[in-house]
Every structure is written in structure tokens, then in C-alpha cells.
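I have placed the structure first, in the form of C-alpha cells, so that the comments after it can refer back to it.
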Amino acid sequence: MIELFFWTTPNGMKPLIMLEETGLDHTIQLVNISRGEHLSQSFRRISANQKIPAIVDHAPLDGNTAIPIFESGAILQYLAERSGSLLPQTPSGRAQVLQWLYWQMAGLGPTLGQFMHFSVYASEPVPYAQGRFSQEKERLFGVLNGQLAGRDFIAGDYSIADVAVYPWIRRLEREGSHLEGHCNLNRWYQTVSDRPAVKRAYARADDINTTPSITTASRRFLIGSAAAA
Ligand SMILES: N[C@@H](CCC(=O)N[C@@H](CS)C(=O)NCC(=O)O)C(=O)O
């Protein structure tokens, strides 16, 4: 059984979508980052980085004792291998998927996170940072749009690369970023949005929380500001 430590953010949505896609047996532990629940000592033992998401596999297939895993990319890869889904078996197929998974983890995710921070959440305007991350966001959207030309999905069949990228694109789209100028990206976005597992995952998230993570009250817990407490 997989225990998912979850809040309703883009990185949190990745394993929830994956669990819906694979049907792996799981339970959800809510970690409300707006209330600083990710900063507790007990959560630190599961996620050394004290950010969500994290999982604990209570019955790993290799017979080991329960294993905690943090970092959403590592979690997706683990769940793909655990379920035999959404990650090809061949070395070349795996490499194609993993390069886009790492592109999301190292490039798209951090860039869109900083873009959101400086354009929506920052307590004061920082025009240089807004411009820098807006420009890089557009460049990365262009890279993704180019990769999706003539392809239904990012790396061959639907895979953990799509699962990793989708929640961030959805978050930006909901925040007002227009996808129409990137026709391949927009088509892919509609296709993934229509997947039953994706719909189920967002319906579950909406039942849990519909308020933004960063409010005046929550600001002191987030963005590492209280992480050393
Ligand atoms: N690279 C990490 C990023 C995790 C992350 O930034 N999680 C956010 C929510 S999306 C969080 O826990 N924020 C709380 C904070 O920064 O204090 C991953 O992909 O798992």
C-alpha cells in the first residue's frame, strides 16, 4: 500500500494523477502547507527537504521494509516501475521519457514556480525577476510546443513525462497564461485534461481544497521562510 503525503499543488498533483492512472492501492495523508504542516519533525523523517509530495511504500516489491520517497520526479519513476506503467521497458524508450521528466523537474517546474512567485505571490514587485522568468517560461513553452509537433504525447506514448508536465501547465493556464499561441501544446493540454484519471485526480483535489496556498496568513510558512524552525 502506498501512502501519499499530499497537498493540492502542481507537484502534489503529479503522484495523485499517477495513482489514479495506475490504480495502485493507496491512501492520502493531507499535509496542509498553508498551515506549515510540512515543517513538522514527523514529516521531516519522510521528506528530508520538507516539501510535498512524498510517499511511503509500506510493502515494496523487493520485500524491504517501508520506504519513504520525496521529490515528485523520483516518486513518478518509482510508481512507474512499481506498477509497470507509463515508462517504457527499452533503454531507448526509457531515455526518451526520462530526459523529459528531468527537463520538467530541473527546468519547467522551477521556472514556472519562480514565475508564479514573482508574478502572483511576491510581497513587492521585482520587475527584473518578473521579466526573467516570464521570458524563460515562454522559451520553455516554445520548446514543449516544438516537441509536441506531430506527436500526441511528449515522449512517445502517454508517460510519466506527461504526468510531470501537465499540472504545471494547468496551473499556469488557470492563472491566465494563454496556450492558444502554442497550438501543439494547447492540443496536448486538452487531450490530457480529458483523461478520466486526470479528471478524477482533480475532482479529489477540489474536494480537499479550493483556496490558494499562499495567503497573507500562510506566507510565513512557505517558500522556506520558516523551514529552519
Ligand atoms: N522539487 C520538488 C519541489 C516540491 C515543492 O516545491 N513543493 C511545494 C508545493 S508544490 C512545497 O512543499 N512548498 C512548501 C514550501 O516551499 O515551504 C518536487 O518536485 O517534489
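When LEU24 is evaluated against the numbered criteria (1) among the hydrophobic types (A, V, I, L, M, F, W, C); (2) surrounded by fewer than 19 Cβ atoms within 10 Å (Cβ to Cβ); (3) touching a Phe, Trp or Tyr at 6+ places or on another chain (Cβ under 9 Å), which criterion, by number, is the only one it fails?
LEU24 satisfies all of (1) among the hydrophobic types (A, V, I, L, M, F, W, C); (2) surrounded by fewer than 19 Cβ atoms within 10 Å (Cβ to Cβ); (3) touching a Phe, Trp or Tyr at 6+ places or on another chain (Cβ under 9 Å) except (3).
Is at least one residue of the stretch 77-98 farther than 30 Å from VAL143 by Cβ and under 19 Å from the mean Cα position of the chain (by Cα)? Steps first, answer last, please.
Initially, the stretch 77-98 is screened for residues farther than 30 Å from VAL143 by Cβ, giving none.
No; the residues of the stretch 77-98 include none that is farther than 30 Å from VAL143 by Cβ and under 19 Å from the mean Cα position of the chain (by Cα).
Which pairs do you get when a residue that is over 24 Å from THR90 (Cβ atoms) and touching a residue at least 40 places away in the same chain (Cβ under 8 Å), found in the stretch 136-165, comes within reach of a residue that is surrounded by 23 or more Cβ atoms within 10 Å (Cβ to Cβ) and among the aromatic types (Phe, Trp, Tyr), reach meaning Cβ atoms under 7 angstrom, with the pair 6+ apart or on two chains?
Matching pairs, first to second residue: LYS137/PHE115.
How many residues, within the stretch 133-175, are surrounded by 14 or more Cβ atoms within 10 Å (Cβ to Cβ) and on the phi > 0 side of the Ramachandran plot?
1
State whether one or more residues within the stretch 121-132 are buried (at least 19 other Cβ atoms within 10 Å of the Cβ) and either modelled with pLDDT of 95 or more or more than 12 Å from the ligand (Cβ to nearest atom) (or both). Spell out the reasoning first.
First pass over the stretch 121-132, keeping only residues buried (at least 19 other Cβ atoms within 10 Å of the Cβ): none.
No; the residues of the stretch 121-132 include none that is buried (at least 19 other Cβ atoms within 10 Å of the Cβ) and either modelled with pLDDT of 95 or more or more than 12 Å from the ligand (Cβ to nearest atom) (or both).
Among what's in the stretch 1-10 and is away from the ligand (no atom under 13 Å from the Cβ) and in a strand (DSSP E or B), pick the residue that is surrounded by the most Cβ atoms within 10 Å (Cβ to Cβ). Give the steps one after another, and end with the answer.
As a first pass, look at the stretch 1-10 and keep what is away from the ligand (no atom under 13 Å from the Cβ): 1-3.
Cutting the leftovers down to in a strand (DSSP E or B) gives us 2-3.
On the way: ILE2: 24, GLU3: 17.
So, considering only residues that are away from the ligand (no atom under 13 Å from the Cβ) and in a strand (DSSP E or B), the one surrounded by the most Cβ atoms within 10 Å (Cβ to Cβ) is ILE2.
Listed here are the residues, each with its yes/no results for (1) outside the structural domain of ILE160 (by TED's automatic domain parsing); (2) closer than 30 Å to PHE141 by Cβ; (3) in contact (Cβ under 8 Å) with a residue 12 or more places away in the chain; (4) not hydroxyl-bearing (Ser, Thr, Tyr).
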residue	(1), (2), (3), (4)
LYS14	yes, yes, yes, yes
THR27	yes, no, yes, no
ILE46	yes, no, yes, yes
ALA54	yes, yes, yes, yes
TRP100	no, yes, yes, yes
THR111	no, yes, yes, no
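Taking into account only those residues within the stretch 113-135 that are touching a residue at least 24 places away in the same chain (Cβ under 8 Å) and of a type in the set (A, V, I, L, M), which is nearest to PRO167 (Cα to Cα)?
Ranking the candidates gives MET116 first.
Quick test of your reading of the structure: SER83 fulfils all but one of (1) in contact with a Ser or Thr (Cβ under 6 Å, 6 or more places away or on another chain); (2) crowded, with 21+ Cβ neighbours inside 10 Å. Name the failing condition by number.
It is condition (2) that SER83 fails.
Could you check how many residues of the stretch 83-105 are within 22 Å of PRO10 (Cα to Cα) and in contact with a Pro (Cβ under 8 Å, 6 or more places away or on another chain)?
1
Only helices (runs of 4 or more DSSP H) wholly contained in the stretch 11-104 count here; list those with 3 or more residues that are within 11 Å of the ligand (Cβ to nearest atom).
Details: elements: 41-44, 72-83, 91-103.
Filter on the stretch 11-104 gives 72-83.
The values are calculated or read from the model by the stated rules, or taken from the named source; none is laboratory data. Predicted model only: the values in this text are computed from it and were never measured. Here the Cβ is made from the backbone with ideal geometry for all residues, glycine too, and neighbour counts use every protein chain on show.
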